[in-house]
Amino acid sequence: METNQDTLLFRFASKSLKYFLLLLFGIAIAYVLSSGLGILHIIPILVYLLQQLLLPLGIILLCLITTVVIIESLR
């Protein structure tokens, strides 16, 4: 029996989720720092980035994770 039984799709989905969550964490830090330091003109840029880029990427990632769960459960 192999020690690494993860499929390529599972590894891709888990790495994608890791970097997506790191990106969200970075945006949260930038939001808190900009609010705390009084640099308020960056907040609309962050909100636009969340709405236009990260929301569709999050939906695609959710579909990918759902597909991986279904495929892995059938295996």
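The values are calculated or read from the model by the stated rules, or taken from the named source; none is laboratory data. Quantities reported herein were computed from a predicted structural model and do not represent experimental measurements. Quick reminder, even Gly has a Cβ in these numbers, built from the backbone with ideal geometry, and neighbours come from all protein chains shown. Calculation scope for accessible area: heavy atoms of the full protein, side chains included, ligands and nucleic acids excluded. Shrake-Rupley method; radii C 1.70, N 1.55, O 1.52, S 1.80 Å.
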Result of the Cβ filter at 6 Å on region 52-75, keeping first residues that are in contact (Cβ under 8 Å) with a residue 12 or more places away in the chain and partners that are hydrophobic (A, V, I, L, M, F, W, C), at least 6 apart or interchain, is L61/F20; L64/A13; I65/A13; V68/L9; V68/F10; V68/A13
The residue that is least open to solvent (accessible area, probe 1.4 Å), considering only those in region 1-42 that are more than 30 Å from S73 (Cβ to Cβ) and outside any helix (DSSP H, G or I), is G38
